[in-house]
Amino acid sequence: MNLKSIKRVKLILPALTEATSPYWRPIKYSLFPPLGLATLAAYLDPDFEISLQDEHVEKLDLNDQPDLVIIQVYITNAYRAYRIADHYRLRGAYVALGGLHVTSLPDEAAPHGDTIFIGPGEHTFPHFLEDLAKGIPQRRYESSVRTLVGIPPIRRDLIQRHRYLVPNSIVVSRGCPHHCTFCYKDAFFAGGRGFYTQVVDDALAEIARLPGRHLYFLDDHLFGNIRFARELFRGMKGMGRIFQGAATVDSILRDDLVEDAAAAGLRSLFVGFETLSRRGLEGAGKRQNLGRDYREVVRKLDSLGIMINGSFVFGLDGDDDDVFARTVDWAIQAGITTATFHILTPYPGTALFTEMAARNRIETRNWDLYDTRHVVYRPSRLSPLELKGGYDWAYESFYRWDSIVKAASAHISVKHSLKHLFYSAGWKKFERAWDFAIRIKQLSQMRPLLEAILSPVGQSGPASTLPRIYPVRSRRSTEGSHMVEITDPTDNRSVYQL
């Protein structure tokens, strides 16, 4: 096949295994569109008939006749991706596979595709299209040139915005400057730079193209390049945006960059705390957290009105049966708004997988189970049942009503307490409402509520100012319904009831 014979191109994100499991939460998988595929689509001839399908939000049409099929493969959609690839090859389509899992295990993926891509695709995909036009496409393309300079605008017109709560997702960098043993990054970016950014003006132009106010930066580390991030945030100041992103513990504490981010509209940050154990941090190669005061991270973000989604990993070597309670208790007392817990998972291609395989600690290579919810290796000080049970308990305990209320009371302003309460409860306690909005295809109508919750807390003064604590308590009303009450301690006056 060559490019001249191609008229119809289909880009597919197959559903992760979780989509068919008891853990399936439609809202979790209706947050962000498949931005990577939309980025590749920008290199295609606009005269092609192009479709982009995300199986998490719509049923795949497998009865069509595309000429070229491009499939993004993660570890827990790998088997599904291979079945789809095999299906389309039997129908005569040219199939290309790429993504994290293909990069980690190219020999496993190769039999299911006509071409596979190893590493990021901004350089290799255009070369593939050039070779295809000449009728000489290669079986493998491996990324070595790493740059985001001159990449074309993302084909956001292919994204069905109404199907996502956060269609304004954006990525302005690739990779991460750190080297944690459990992270895919080093394998995916092998053979070239492991962290690089867009030109600031290009990133600001992409932001300007997005409608609405809310943005979500999906970068692994938004603060990873200090100069780039500072110029980005200063360029965004005055744009009226509110946004969320991810950063590391050390990047929050090292200087005033997070203040620039807050001034630009940062309202929520994903922070990889991972563990309270120094030994665990050292074993995971998480050196950027060593010697850092987690409480100071929380205090600094709280002073700026920034909510925290804390990430924690269970099952690191040295973890015993008290790790779950210690972690949850700390997260609640610190006022972490939302928490994402993980069972340590040795993904193929990572240093962790290599080390565990060498020591015969890998218990299964069924990739469907590599979702950070199952125990796929032999823990050092816990049984698999203890690790799985503790993980399940941690989620249940952290998101109980009394835990949500207690964590909300830890903040330095009543408005931040309310934001915490609505955000945390909204994420975990109103599943039926989210499901209903998704079913009737009105998820986009929930965005103004999200923006309202993420609005500034209106707080001023230096970070060292002593907080004014508003007690938040949970109780039952006389009718038996659940009630949340926040009071002003100066006169015992109730300032809010839910």
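Summary table
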quantity	calculated
Where E18, E231, E108 fall by accessible area, highest first, once all protein chains stay in place (1.4 Å)	E231, E108, E18
Where labels lie 7 Å past Cα in the beta-carbon direction, separation of S51 and D157 in nm	1.8 nm
S51 accessible area, 1.4 Å probe, all protein chains in place, Å² to nearest 10	50 Å²
Normalised per residue, the volume of the convex hull around the Cα set of region 144-241 (Å³)	120 Å³
Simple spin-label estimate for H342 and D202 in nanometres, 7 Å along Cα-Cβ	2.8 nm
Chain lengthening between K28 and A190 when straightened (0.36 nm per residue, less Cα-Cα)	55.3 nm
Quotient of C-alpha Rg and 2.2 N^0.38 Å, computed over region 222-287	1.26
Nitroxide proxy distance, nm - points 7 Å out along Cα→Cβ at E259 and R278	3.0 nm
Surface accessible to a 1.4 Å probe, W434 within the full protein complex, Å²	40 Å²
Taking N as its residue count, the alpha carbon Rg of region 53-101 over 2.2 N^0.38 Å	1.08
Where N is the number of residues in region 331-381, Cα Rg divided by 2.2 N^0.38 Å	1.39
Dipole axis of the chain (+1 Lys, Arg; -1 Asp, Glu on Cβ), positive-most option in L344, W330, H214	H214
Accessible-area composition of the chain, carbon plus sulfur, in percent [1.4 Å probe]	53 percent
Pairwise FRET efficiency - S383 versus S455, Cβ, R0 = 51 Å, nearest 0.05	0.65
Spin-label zone in region 24-39 - amide nitrogen under 16 Å from a point set 7 Å from the Cα of M446 along the C-beta vector	24-33
DSSP bridge orientation in the chain - percent antiparallel, rounded to nearest 5	25 percent
Paramagnetic label zone (point 7 Å from Cα along Cα-to-C-beta, K7; backbone N under 12 Å) in region 20-61	48-49
Expected 222 nm ellipticity per residue - DSSP helices of 4 or more, -39500 (n - 2.57), all of the chain, to 500	-9500 deg cm²/dmol
Extended-chain gain in nm, criterion 0.36 nm per residue less alpha-carbon gap, D317 and E355	12.4 nm
Cα pair count fraction exceeding 19 Å, expressed as % - region 290-395	49 percent
Heavy atoms of W24 accessible to a 1.4 Å probe, total area in Å² rounded to 10	80 Å²
Amide hydrogen neighbours beyond the local backbone of I70, cut-off 5 Å, H modeled	K10, L11, I12, A96
The chain - Cys residues lacking any other Cys C-beta under 4.7 Å	C176
Region 1-126 - convex hull of alpha carbons, volume per residue in Å³	106 Å³
Extreme residue, positive dipole direction of region 200-323, given options L304, A246, L204 (C-beta unit charges)	L204
Region 160-252, relative contact order in percent, only Cα pairs under 8 angstrom and at least six apart counted	33 percent
Overall form of region 206-245 per C-alpha gyration tensor (a/c, 1.5; a/b vs b/c)	oblate
Charge dipole of the chain about the Cα centre (unit charges at C-beta), most positive-ward option of G99, P384, A433	A433
Size of electric dipole in region 166-309: Cβ of Lys, Arg +1 and of Asp, Glu -1, about Cα centre, debye, nearest 20	140 debye
Largest to smallest accessible area among H411, H374 [probe 1.4 Å]	H374, H411
By accessible area with a 1.4 Å probe, ligands and nucleic acids excluded, highest first: order of H127, H342	H127, H342
Amide H within-cut-off set for G285, under 5 Å, with H built and near neighbours excluded	T181
Distance cut-off 35 Å, percentage of C-alpha pairs in the chain lying past it	35 percent
Spherically averaged projected area of region 201-339 from its Cα convex hull (nm²)	8.4 nm²
Accessible area of the chain divided out per residue, in Å², using a probe of 1.4 angstrom	42 Å²
All-pairs alpha carbon distance profile, region 1-61, 10 Å steps from 0, percent	19, 44, 25, 11, 1
Charge context of G390, other residues only, Cβ under 15 angstrom, K/R +1, D/E -1	-4
Computed magnitude of the charge dipole of the chain (debye, nearest 20; Cβ of K, R +1, Cβ of D, E -1)	700 debye
Under 20 Å from the N366 label point (7 Å along Cα→beta-carbon), backbone N, region 379-417	379, 383-392
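The values are calculated or read from the model by the stated rules, or taken from the named source; none is laboratory data. The model shown is predicted, which means the values in this text are computed figures rather than measured ones. Note that each Cβ is placed from the backbone with ideal geometry, even for glycine, and that neighbours are counted across all protein chains shown. Surface areas here come from the heavy atoms of the whole protein model, side chains and all, with no ligands, DNA or RNA. Shrake-Rupley method; radii C 1.70, N 1.55, O 1.52, S 1.80 Å.
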